[in-house]
Amino acid sequence: MSQKTKILGALFIALASASVLGSYEMVRSPTTVLFKATFGTHYLPVVMAIIPLAVIAVVYLYGILLSYLGPRKTLFTTTLGSAVIIGLSYWAHHAGFKFASAFLYVFRQAYIVILIEQYWSFINSTFDQKIARKLNGPIAGISSIGAVLGGIFVGKYAQNFGAAELILGASVFLLPAAFLSDIAYRICGEPKASHTEQEGKKGHLHLSLFKTSPLLSLLFGIILTTQMFSVFLSLIFQNILQDMIPNVNAQTAYLGNFYATVNGVAAFFQFIAAPIFMSIFPIHIIHLAIPLLHLVMAGLLMYSPTLALAGAAFLIFKSVDYSIFRASKEVLYIPLSFDARYRAKEMIDVFGYRFGKGATSLGITLIQSAGLILTPFFTWGALMATALWVGLIFPIVKYMPRRMKEPTV
């Protein structure tokens, strides 16, 4: 397969991803608003506790489909299936079924990650690591354009159409994604499993890979620690913001400008910084530098918990996470087996992502509901999470292929 063919297939996958992320923006805010309107904010911890269980169920269903249909038909089926489920949930909400809003709140957390990670499984099975180092960042950038446009659409038309109607739009936006991703597979072909891994012979999730491949277990640990750090840093930022700008309208304006800045910085990292850094520096150096940067920012917050510093730390985390971290993490999957790229990856980046964030949030909620005030210790939590993250990088270097430890220029 020529490089031009690989790049063309990746472009269609990136466009499919942009469509899915646009869809997600149309369902994310409305489902949160509808859930709170129906059940109140006091039930948020309950529904958040359900999310990891729902995600593992979705991942297992995905594994079954992958065993019987293969990656191409599985992606097409899960995309159209998500569109149908969201559409039916919209009609159920209009028919007066109040649990439709709770179902959508949970389902939106699962469908977005299972679809996005399938796109990256395709890319990791199509690119070699040299091309991936140059193009993973821009692919993430093209995908993010969909999220930006979806957010603008919600902000502009939510009051005109209504929150519930936007959910139907989310269903519609998934339809082109199904066909764009199918075109990508048609261009590049469908990756084939080895004889021992065909049709899920090792299990629909092939969990034994985590015993035989220390790299996968370490990656799972890294995802958990990144989400722990994300939760603590988000809470630090939101608490300081609430103290410094208590006015609702002023705070909304601040956050609007803040996330616009995040998108701008992330775009710079995706299209410019990531390809340059990943060509110049070995992958293991990039993976070590990222948590060290966050460790420094968390340490500065310990001594100077200002809004400017908290905002800078959160902005850096979000921007790097969407760009350089994503691009460099995906490269690690490229030399691995089919099941590692299509099954273990989904356990790591779908279940691990949601479980890490959900478990940390729920743990904090339960402890604080018992009367303990954890707010002063959030910075310590962020420091511990980044320290664990750094500690997991060193053994990962041991299991990296030698060529990843070298620059490409």
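Things to note:
- Note on the chain: dipole from Cβ charges, positive end direction compared against 193, 43, 257; the farthest Cα belongs to 193.
- Of the residues 366, 166, 219, the one that moves most in a GNM of the chain with alpha-carbon contacts below 10 Å is 366.
- Exposure proxy for 195, 294: other Cβ atoms within 10 Å of each Cβ, ordered fewest to most, give 195, 294.
- The chain: most fluctuating residue of 213, 361, 101 per GNM, C-alpha cutoff 10 Å: 213
- 3J(HN,Hα) along the range 265-272, derived from phi through the Karplus expression 6.51 cos²θ - 1.76 cosθ + 1.60 where θ = phi - 60°, amounts to 5, 4, 4, 4, 5, 5, 8, 10 Hz, with x in place of Gly and Pro.
- The Cβ shell under 11 Å around residue 269 holds other residues with a net charge of +1, Lys and Arg each +1, Asp and Glu each -1.
- Residue order, fewest to most surrounding Cβ atoms within 10 angstrom, among 128, 349: 128, 349
- Separation between Cα centres of the range 28-79 and the range 197-213, rounded to whole Å: 23 Å
- Non-local Lys pairs in the range 202-409, i.e. 8 or more apart or on different chains, that have alpha carbons under 25 Å apart: 18
- Gaussian network model of the chain, springs between alpha carbon atoms under 10 Å - residue of 269, 377, 314 with greatest fluctuation: 377
- The chain: calculated mean residue ellipticity at 222 nm from DSSP helix runs of at least 4, using -39500 (n - 2.57): -27000 deg cm²/dmol
- Order of 326, 186 - criterion: other Cβ atoms within 10 Å of each residue's Cβ, fewest first: 186, 326
- Rel. contact order, % - alpha carbon contacts under 8 angstrom, at least six apart, the chain: 30 percent
A short reminder: the numbers here are calculations on the coordinates, not readings from a lab. This structure is a prediction, so every number in the text was calculated from the model and none was measured. We place every Cβ from the backbone using ideal geometry, glycine too, and count neighbours over all the protein chains shown.
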